[in-house]
Amino acid sequence: MKSSNRPSEHEFSSHVKKEVAQRAGFVCSRCKARTVGASAVDTEHSLSVGVAAHIHAASQLGPRYNPLLRAEETADISNAIHLCASCSVLIDKNGGQDFSPENLRKIKTDHESEMFLEIGRQPENKFIDVAGTHEASGIGNVTGLEINQSVRILPGTVVRASGIGHIIGTKIGG
């Protein structure tokens with residue numbers, strides 16, 4: 001039997017895989033993790049953890065299988081969602097019962113809509129920079145710096161807390 005690089009009638013073509021990944025901005029539609037990036041050691045190649053996952057399984061034994069779909073429908077981009085490797089496994093656990101086809105379609109369309117709005121926009125800085133010297137002293141509960149959100153503590157930042165009682169230099173979280 002000859003081996004072939006052609007996908008079976010139920011598998012996604014390379015065009016569908018590429019298009020669904022691009023439509024998702026190379027970002028997992030579920031957890032929003034980047035799914036492609038530069039190789040750390042090979043300047044001519046990239047790494048990818050992205051997967052074109054089936055919304056309705058291609059196999060009768062697969063999760064969310066729909067016997068009413070023809071082979072070309074299971075291999076169509078409308079039945080594909082771009083996920084990271086972890087999420088592609090997660091959606092199929094428990095026979096796929098935790099992720100209905102309707103839920104996966106909503107995740108896909110919501111994500112693609114978000115990606116459309118992001119075209120040409122600069123990414124937001126999700127961190128607040130903390131710099132300088134932060135000091136506190138007193139009696140009782142004394143906290144030099146309390147952090148309740150995502151921050152980037154810049155080099156040279158100094159935090160001092162002194163006093164009598166419960167003394168905390170830097171408190172992260174509630």
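Every number in this text was worked out from the coordinates using simple rules, so none of it is lab data. This structure is a prediction, so every number in the text was calculated from the model and none was measured. Glycine gets a Cβ as well: all are built from the backbone with ideal geometry, and neighbour counts include every protein chain shown.
Taking the Cα centre of region 4-101 as the origin, how large is its charge dipole in debye, to the nearest 20, when only Lys and Arg (+1) and Asp and Glu (-1) carry charge on their Cβ atoms?
On the way: 10 positive and 10 negative charges, 56 e Å.
Computed charge dipole of region 4-101: roughly 260 debye.
To the nearest ten degrees, helix 101-118 and the longest principal axis of the Cα atoms of the chain are 60 degrees apart.
The C31 and E72 beta-carbon pair, evaluated with R₀ = 35 Å, returns a calculated FRET efficiency of approximately 0.75.
Legend: P(r) of the chain from all alpha carbon pair distances, 10 Å bins from 0, whole percents, reading 9, 25, 22, 16, 14, 9, 4, 1, 0. The GNM of the chain, with springs linking C-alpha atoms under 10 angstrom apart, assigns the highest mean-square fluctuation among N103, N79, N148 to N148.
Give me the dipole magnitude in Debye, nearest 20, for region 72-138 about the Cα centre, with unit charges on the beta carbon: positive for Lys and Arg, negative for Asp and Glu.
Working: 6 positive and 13 negative charges, 26 e Å.
In total the dipole reaches around 120 debye.
Bridge orientation summary for the chain: considering DSSP beta bridges with both residues in this region, about 35 percent are antiparallel.
Under 25 °C and 0.890 mPa s, how fast does region 69-115 diffuse according to Stokes-Einstein, given a Kirkwood radius computed over C-alpha pairs? Answer in µm²/s, whole number. Working shown, then result.
Details: Rh = 11.6 Å.
Rounded to a whole number, D works out at 211 µm²/s.
Nearest 10 degrees is fine. How inclined is helix 14-23 to the longest principal axis of the chain, computing both from alpha carbons? Long axis of 14-23 versus the principal axis of the chain: about 30 degrees. Relative to the Cα centre, the charge distribution of the chain, modelled as +1 at Lys and Arg Cβ and -1 at Asp and Glu Cβ, gives a dipole magnitude of about 160 debye.
Rank A131, A57, A40 by mean-square fluctuation in a GNM of the chain with C-alpha springs under 10 angstrom and give only the top-ranked residue. Highest fluctuation among the options: A131.
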